[in-house]
1. Compute the helix-to-body angle for 25-35: its Cα long axis versus the longest principal axis of the chain, expressed 0 to 90° and rounded to tens.
2. Please compute the contact order of segment 244-326 in relative form: average sequence separation of alpha-carbon pairs under 8 Å and at least six residues apart, divided by the residue count, as a percent.
3. Using packing as a proxy for protection, rank 30-36, 68-74, 137-143, 319-325 so that the peptide with the highest average count of other Cβ atoms within 10 Å comes first.
4. Using 27 Å as the Cα-Cα cut-off, could you pick out the over-long pairs in Lys42/Lys123; Lys229/Lys301; Lys42/Lys127; Lys90/Lys345?
5. Measure out, as a whole number of angstrom, how far apart the alpha-carbon centroids of segment 116-163 and segment 309-339 sit.
6. What shape does segment 244-326 have by the C-alpha gyration tensor, where a ≥ b ≥ c are the square roots of the eigenvalues, rounded means a/c under 1.5, and otherwise prolate means a/b greater than b/c and oblate the rest?
7. Check cross-link reach from Lys306 to the aspartates and glutamates: straight Cα distance under 14 Å, and skip same-chain residues fewer than eight apart.
8. Mind checking which lysines have their Cα closer than 21 Å to the Cα of Lys260? Skip sequence neighbours fewer than 8 apart in that chain.
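Since every read-out is calculated from the coordinates, none of them should be taken as a lab result. Values in this document were obtained by computation on a predicted structure and should not be read as measured data. Note that we place each Cβ from the backbone using ideal geometry, even for glycine, and neighbour counts take in every protein chain shown.
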Amino acid sequence: MQSKNEKSNAPLSGVRVLDLTNVLAGPFCCHQLAHMGADIIKVEVPNSGDLARQLGADPVLNKNLMGISFLAQNTGKRSITINLKSTCGKKLFKELVKTADVVVENFRPGVMERLGLGFETLKKDNKTLIYCAISGFGQNGPLSGLPAYDQIIQGMSGVMSITGNADNAPLRVGYPIADTVGGITAAFAVSASLAKPKNDRGGFIDVSMLEAVMSTMGWVVSNYLVAGKVPMPIGNDNFTASPSGSFRTSDGLINIAANKQEQFEAVCHSTGLPELITDERFSERQTRLKNRSALTEILEKVLVSKTSAEWQNILNEHGVPAGCIWSVPEALENPHVVNRDVIGKFTNIPGMEGDLEVIRPGIMLDGERIATNEPPPFLGEHTDEILRELGYTTEQVKLFKQENTI
C-alpha cells in the first residue's frame, strides 16, 4: 500500500523504511530518504518519542513534543508508537518488518540484540531486509560501546584540531557536522543497497560516524599519510593556495579562492596591482604560500577601499571565484536561494502559530526540487492508520492501547 507521503515518480517510491532513530544522525538519514519518496515509518517510544521532539529554541514547541530540532528533519514521515520492551510490542514490530525494505537505527551497539530485535532475528522473517545501524564508533572495536554525540566525534576525528587558527584552535564546527555527515553516509549506503534487484537485497550496514567524518577529510589526511605533513589550524586560509581565504574589505570580509596561476594574475589586475605578477615573492604557487602574510597585507590595503559585494562582482567578472560571507538569514533571503526553492513550507499545523518552513536537500531532479508532501508527524499520529494497514481491527488497536503496547 502506497503512503500518501510517497510520490509515484520519485526514485524511492514504493520503498518502506522503519526509522527507529533519535536526535540527528539517524533522523537526518531518513529525512533524505523521505525526500526521495520512501515511505518512512518513524517507530517511537510511547509518551516521549524522539528526544529531538524536546529540543529547540521554542519552549512551547518543546513542551508539545514538536521541538524545532524535530521539525527540521522529520517532514514526510509517519509516526507510530510501539513499546519495544513488551512482548506484544516486539510482535507488532516484527509484523512491520515483514512489510519493510529497510530498518535504520542509531542505538548503541547491542541494544537491538538485547531487545531480541537484532538483524539476525529480523532477517528470519524478511530475508531481503536492509538493516542500517548508525553509531559513533561502529559495531565493533575497542571504542564501540562508548556513547557519542556530535562534538565528541568532532574532537576525536581530528576536525576540531584543524578548525580555527593557532590562537583559538581547537574549535567545534558551528553546526553538528559529524551527525550530518554520518546521516548522509547512511542514506548513501541504504540507497546503494536498494539499487540491487529485490531478490538480491539484504544485509547489515555498519555506519561509524567517526569514520564517516574522517573519510571527508581526504586531502588533510592524505597530506599526513603520504607526505608526513601534520595538519595544523590555519583559520580561513586555504592551505593549498594563496591568495585563497578571507580578506578584509571596507565592510567586513570576503572569500577569495585564486587557486590557479591565471586566477592569481586576474586578482592582481582586478586590484590594480599587476606588478605582483612578476614579484619573485609571489610569481609562483609555492613562493606565494611561503609569503602568504605579505601578499595578504598588500592586497588588503586595496581591498578595504570597496565593500565585499563590490569586490565580489569585480573579481567574478575577471574569472576569480569570490563571495561575500553571509549570515544564515542573509543566505536564506538571497534571491538566488529563494529562486531555487530550497525552503519548504507547511501550513495549518495544529499547535503552531504561522507556517512551518524547513530547508530541503540540495537536489533537483529533472529541474524540480525534491520535496516531502506532509509536515512532521505528531507523536503516534499514524499509529492507528499503520496498524490498520497491517490488518488489525479497531478493537484490537484499542486493546493495544489499554495494554500500553502502543
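1. Taking the Cα atoms of the chain, the angle to 25-35 is about 80 degrees.
2. Relative contact order, segment 244-326: 43 percent.
3. Result, highest mean Cβ count within 10 Å first: 30-36, 68-74, 319-325, 137-143.
4. Cα-Cα > 27 Å for Lys229/Lys301; Lys90/Lys345; rest within.
5. 38 Å
6. prolate
7. Straight-distance partners of Lys306: Asp251.
8. Candidates past the 8-residue exclusion: Lys290.
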